[in-house]
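Inspection log for the structure reproduced underneath, given as structure tokens.
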Amino acid sequence: MASLLCCGPKLAACGIVLSIWGVIMLVLLGIFFNIHSAVLIEDVPLTEEDFTTTDAPQRIYRIYEQVSYNCFIAAGIYIVLGGFSFCQIRLNKRKEYLVR
């Protein structure tokens, strides 16, 4: 029977900690990008053309919202990886109780 266990207990615990931190950080960044925080303007991929068009504020807001969606998608990926790490911890604990 093939085992789905591919990480040790320490690596799985590290994965959970990093996933929790990543989800919190990316969700907060996504919220701040979604409300168009001026502090994060340096992290938005803007070009000179975005400032010279007639609909410049709407265009910049769309770019802010796209970056916000990217942050939320990355947070979702971190949730999936955290779930994978949690499953690895459960498999490692179950392996400890198996009789050989």
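The values are calculated or read from the model by the stated rules, or taken from the named source; none is laboratory data. For clarity, every value in this text was computed on a predicted model and none was experimentally measured. Calculation scope for accessible area: heavy atoms of the full protein, side chains included, ligands and nucleic acids excluded. Shrake-Rupley method; radii C 1.70, N 1.55, O 1.52, S 1.80 Å.
Looking only at helices (runs of 4 or more DSSP H) that lie completely in the chain, which have at least 2 residues being among the charged types (D, E, K, R) and open to solvent by 50 Å² or more (accessible area, probe 1.4 Å)?
By residue number, 48-52, 56-97.
With respect to residue 85, determine if the residue is of a type in the set (Ser, Thr, Tyr) and more than 19 Å from the chain's Cα centre (by Cα).
For residue 85, the condition - of a type in the set (Ser, Thr, Tyr) and more than 19 Å from the chain's Cα centre (by Cα) - is not met.
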